[in-house]
Amino acid sequence: MSFSKPYSLILMTNFPFPHLGGVSRCISDELNFFSNKAYNLFLIYSPSDTPFNTKFKNNVTILPQKPSPKKPITIVNRIRRSFLIRKITLRNNVQCIYAHDIYSALICVFALLGKRTILHLHSVFSEDLFKMGKPFPEQSVKEKIITLLSYCFHSTIEFMVYNLVHSIMCVSGYQLENAKQKTLSKKKVFLLPNGIDINIFKPNPNNKFALKREFDIDQDVIVCMFLGRMVHKNGPLLIVKAVPLVNQRISKIFFIFVGDGIEKNKIEKYVKKEKLENVILLDGTPAEKILPLADIFITNVSPVWSNTLDRTILEAMASEIPTIVGKDEHKKSLFKDGKELIFVKKGDPKDIADKIISLISNSEKRRILGINGRKKVVEKYSLEKFMERLELIAKNMK
C-alpha cells in the first residue's frame, strides 16, 4: 500500500525532556520508512531536544525549530510552531500531521484544532512522571507534591488533546483503554503495536565474531547486554547489582550497558565500588550496530509498573538473542515464558542472576529462545505491518 499522488505529510516531534534519557529511536525508523514511501514530507523538530543524523531523500523538507537557549520550552515557541504548521498545511496540501508525543499534538491542536492529526502514543505521558525520573517513594514531600500536581496538569492536557486530534494510535492495550476513558469518541482510538525492521534486526554471526574481536572479548565468553535509556523504568541499576552474584558462579561473562540516562552515574559508582572488571559502559550506540555483540539481552526489570513494550525487546528478539524481561501482566499477555523469552521477578537482583546463569548453562535453550523470539516478531511486530496500518489510517483522513 502507498499514498496516492500528490500526498503530503508533516511529522512532528517535540520530546522536551531530554534529561529523561533521550529520544525514542523508533522515530528514525519511521521517518526512513516515510521518506521512502510518502511524498512531500515535512519534518519539524527541535535540534536541541531531538538530534537527527539520518539522511533523507529529496522529498523531505527538514524544518528545525531553534528554541530560546534560556527557555527552550515556552508558550511563545509553541505558538510559533503552530503558525508554521498552519502555513505549511495550507500551502502544501498536507493531508496528515503525524505527532509523535502529546505536546507535539498540542501544538497541532493550536494550529488546526486537531484536524488531520494522528497522535502516536508510546506511553501514558502523565504516568511517565512516576516511572522515568526519581522513584516516587524516594522523593521528598515537596517533590511528591510537585509530581502529583504535574500529573494533574498533564492529565488535563491529555484529555484536551485526545478529544481534539483526528486519530489516536496506541502501542499497548493499556494505553488503548486509558485513551478511550479520556476520549468522547471511542472510534478514533486504535491499537497499533510497535514494529521494527526485521531486515535490519536479524541474526548475524559474522558481526558477533567481529564485535567480540573489536572489544577484545574471547569468542567463548558470554556477553549479557542492556541497551536503552538508563532510567528507573528499565532497571539497569538492578541488573548491575546482579553482576556480583553471577560472577560468583560464572567466570566467562561480560556485561555491557549501552545508553544514557539519569541512572548511568549510579551505575558507574556501583561498578567502581564493587570493582566489577567485566562491566563495560557505552554511550548511546545504534542498536543495529551493537546488538549483534550480545548473547543474552535483558531490560525492563524494575518493579515500576509498565504498560508498554519497548522496541529494544523486539529488536533483540528479532536478532535471535535470548531475551530476559521483568514479568508483568502486559508482557505475559504477549509472550510465552520459557519459549519466546524469559521472565524474571521485577526488582530482584538474585532472580535476575539466577535466570542469566540458567541461560549461560544451557546453550540449546538459548538457541531455541532465539529462534522462537524472532518468529514471534516476524509474525506480529514487523515494521511493514505497522506502517501498512498507519498508512491506512492516514489515507482515511478527511
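The values are calculated or read from the model by the stated rules, or taken from the named source; none is laboratory data. Source: prediction; values computed, not measured. Using ideal geometry, Cβ is built from the backbone for each residue, glycine included, and neighbour counts are taken over all protein chains shown.
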query = Going by the structure shown, is Asp216 at pLDDT 90 or above, in the same structural domain as Leu369 (by TED's automatic domain parsing), surrounded by fewer than 16 Cβ atoms within 10 Å (Cβ to Cβ) and farther than 28 Å from Val124 by Cα?
reply = yes
query = Hey, Ser185 hits all of (1) closer than 19 Å to Tyr103 by Cα; (2) small (Gly, Ala, Ser); (3) more than 21 Å from the chain's Cα centre (by Cα) but one; which does it fall short on?
reply = (1)
ask   = For segment 320-398, list the helices (runs of 4 or more DSSP H) that sit wholly inside it and hold at least 1 residues that are at pLDDT 90 or above and farther than 26 Å from Pro203 by Cβ; which are they?
value = 349-360
task = Could you list all residues from segment 225-260 that are under 25 Å from the mean Cα position of the chain (by Cα), among the small types (Gly, Ala, Ser) and either over 18 Å from Ala294 (Cα atoms) or modelled with pLDDT under 95 (or both)?
result = Gly228, Gly235, Gly259
ask   = Which of the residues belonging to segment 317-358 are surrounded by fewer than 21 Cβ atoms within 10 Å (Cβ to Cβ) and of a type in the set (A, V, I, L, M)?
value = Leu334, Ile357
task = Only one of these is outside the structural domain of Cys96 (by TED's automatic domain parsing), exposed (fewer than 14 other Cβ atoms within 10 Å of the Cβ) and farther than 20 Å from Asn247 by Cβ: Arg374, Arg367. Name it.
result = Arg367
ask   = Does Val161 qualify as being crowded, with 19+ Cβ neighbours inside 10 Å, closer than 24 Å to Phe110 by Cβ and free of Cβ contacts under 8 Å to residues at least 40 places away in the same chain?
value = no
message = So the check is Cβ under 8 Å with 6+ separation or different chains; which pairs have a first residue in segment 168-192 that's buried (at least 17 other Cβ atoms within 10 Å of the Cβ) and a second one that's among the acidic types (Asp, Glu) and in a helix (DSSP H, G or I)?
response = Lys182/Glu158
key: segment 298-307 - residue that is buried (at least 22 other Cβ atoms within 10 Å of the Cβ) and in contact with a Phe, Trp or Tyr (Cβ under 8 Å, 6 or more places away or on another chain) and, of those, modelled with the lowest pLDDT   = Thr299
remark   = All conditions in (1) touching a residue at least 12 places away in the same chain (Cβ under 8 Å); (2) farther than 16 Å from Ile196 by Cβ; (3) not assigned by TED's automatic domain parsing to the domain that holds Gly173 are true of Asp351 except (1)
key: Members of segment 261-272 that are in contact (Cβ under 8 Å) with a residue 12 or more places away in the chain and either of a type in the set (Lys, Arg) or surrounded by fewer than 18 Cβ atoms within 10 Å (Cβ to Cβ) (or both)   = Ile262, Lys264, Lys266, Glu268, Tyr270
task = Mind listing just one residue for me: the one in segment 273-297 that is of a type in the set (Asp, Glu) and not in a helix (DSSP H, G or I) and, of those, surrounded by the most Cβ atoms within 10 Å (Cβ to Cβ)?
result = Asp295
